[in-house]
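The values are calculated or read from the model by the stated rules, or taken from the named source; none is laboratory data. Fair warning: this is a prediction, and the values are worked out from it, not measured in the lab. Cβ atoms come from the backbone with ideal geometry, glycine included; neighbour counts cover every protein chain shown. Note: areas computed on protein heavy atoms with side chains; ligands, DNA, RNA excluded. Shrake-Rupley method; radii C 1.70, N 1.55, O 1.52, S 1.80 Å.
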Amino acid sequence: MTGTLKVSLDAMGGDHGAEVVLGGAALALQRKPDLRFVLFGDEAVIEPLLERHPALRAASQIRHCEVSIAMDEKPSQALRHGRGKSGMWQAIEAVKAGETAFCVSAGNTGALMAMARFCLRTIEGIERPAMAALWPTLKGESVVLDVGANVGADAAQLVDFALMGAAMARALYDLDRPTVGLLNVGVEEVKGQEQVREAGQILRDAGLENLAYHGFVEGDDLGRGTVDVVVTEGFAGNIALKTAEGTARQIAQYLRAAMSRTLMARIGYLFARSAFDHLREKMDPRKVNGAVFLGLNGLVVKSHGGTDAEGFAAAIEMGYDMASNSIIEKIKSDLTFFGGRRVARTENQ
């Protein structure tokens, strides 16, 4: 269909399955009318739910899959019994075949990464893919990666993450030269692990045209929006992400308790309701739901398994923006440029 962007959805994935997936797809279609969907999953479950969304029904086709991947299934088990047959695998395979521009799943993270890596393979020059997420900041949003795909990373891999994160920031935020920082225990060049210091030196010396290396950043810089892209290895990145999500929920509970504690507090809430609504909007994790697997020969977006329709729609819209702005081509171009610079520098030494 000319002028449309087709997406494959793992319809059975996530804590709430097809109901949330289809509800999110319907919301995304309202906002992005040029979207078209291929729904992979149990047709007997999907078809009745689609009847609630006539517009989505007209913009979708169903591919029946009898096998679904459980949320607690080990990646190795999922690969063994789900390869070629599961909705998750076939949704990814549609990207590989060029039938769809990207895939979105709220299913088992480990299984999704294993299948995506096995099916799509990594881009030439990338050793490990990374999970990149959007992070709300005082200035807007930043890209943070890796948030869980890898435990540990050497200097070369951190540099790869920086290149891929910068490409994502250019695709999403229309930036010519996004700023990039390496997450560290201090901003001084002598601090931190050896691989982080080495990665910083490589980025500092590279003179890349498509990113501006800022230097080291600390944990409190994440919320400040000090840089457009924050790079770390997956162990620290995942802890930071889960800590931020938990802190947001904690603050929300504090506010609800404080506003209902006394009659005067409830009256005060009524006068300040618009301000609190704005705060709730800013702190809503559904607005930045979705982590992207960067470094693969295809675009795969992982939605939070426990999200609702609004959150799943946000994950689809993230994929839409990245596919529309040719994220894979940007990453490949940056890798080629960086590789050329490294070869030229070596020859001149």
If you go through Gly148, Gly140, the only one that is among the small types (Gly, Ala, Ser) and more than 22 Å from Gly295 (Cβ to Cβ) is Gly140
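Check Glu218, Glu245, Glu209, Glu188 and return the single one that is on the phi < 0 side of the Ramachandran plot, open to solvent by 30 Å² or more (accessible area, probe 1.4 Å) and touching a Pro at 6+ places or on another chain (Cβ under 7 Å).
Working: Glu218 fails: touching a Pro at 6+ places or on another chain (Cβ under 7 Å); Glu209 fails: touching a Pro at 6+ places or on another chain (Cβ under 7 Å); Glu188 fails: touching a Pro at 6+ places or on another chain (Cβ under 7 Å).
Testing whether each residue is on the phi < 0 side of the Ramachandran plot, open to solvent by 30 Å² or more (accessible area, probe 1.4 Å) and touching a Pro at 6+ places or on another chain (Cβ under 7 Å) leaves just Glu245.
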May I ask you to list pairs of residues, at least six apart or on different chains, whose Cβ atoms are under 8 Å apart, with the first in the stretch 70-83 being more than 15 Å from Gly14 (Cβ to Cβ) and the second being among the polar types (S, T, N, Q) and at pLDDT 90 or above?
Pro75/Asn108
With the requirement that a residue be within 10 Å of Val300 (Cα to Cα) and small (Gly, Ala, Ser), what does the stretch 95-141 give you?
Ala101, Ser105, Ala116
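Per-residue answers, yes or no, for (1) under 30 Å from Leu203 (Cα atoms); (2) at pLDDT below 95:
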position: Cys65; (1), (2): no, yes
position: Ile92; (1), (2): no, no
position: Ser105; (1), (2): no, no
position: Ala111; (1), (2): no, yes
position: Arg117; (1), (2): yes, yes
position: Thr122; (1), (2): yes, yes
position: Ala153; (1), (2): yes, yes
Of the residues in the stretch 221-242, how many are exposed (fewer than 14 other Cβ atoms within 10 Å of the Cβ) and in contact with a helix residue (DSSP H, G or I) (Cβ under 6 Å, 6 or more places away or on another chain)?
0
Tally time: how many residues in the stretch 292-317 are outside any loop (DSSP other than H, G, I, E, B) and open to solvent by 10 Å² or more (accessible area, probe 1.4 Å)?
5
Restrict the check to the stretch 163-175 and report whether at least one residue is of a type in the set (Gly, Ala, Ser), in contact with a helix residue (DSSP H, G or I) (Cβ under 9 Å, 6 or more places away or on another chain) and within 15 Å of Gly234 (Cβ to Cβ).
no
Arg266 fails exactly one of the following numbered conditions: (1) open to solvent by 90 Å² or more (accessible area, probe 1.4 Å); (2) touching a residue at least 40 places away in the same chain (Cβ under 8 Å). What is the number of that condition?
(2)
Check on Lys96, under 22 Å from the mean Cα position of the chain (by Cα), open to solvent by 10 Å² or more (accessible area, probe 1.4 Å), at pLDDT 95 or above and not hydrophobic (A, V, I, L, M, F, W, C):
yes
Please list, ordered by residue number, the strands (runs of 3 or more DSSP E) wholly in the stretch 1-78 having 2 or more residues that are surrounded by fewer than 20 Cβ atoms within 10 Å (Cβ to Cβ) and not basic (Lys, Arg).
60-64
Of the residues that make up the stretch 198-217, is at least one under 28 Å from Val301 (Cβ atoms) and within 17 Å of the chain's Cα centre (by Cα)?
no
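Please tell me if Met113 is assigned to a strand (DSSP E or B) and open to solvent by less than 40 Å² (accessible area, probe 1.4 Å). Walk me through it before giving the result.
Working: assigned to a strand (DSSP E or B): no; open to solvent by less than 40 Å² (accessible area, probe 1.4 Å): yes.
It is false that Met113 is assigned to a strand (DSSP E or B) and open to solvent by less than 40 Å² (accessible area, probe 1.4 Å).
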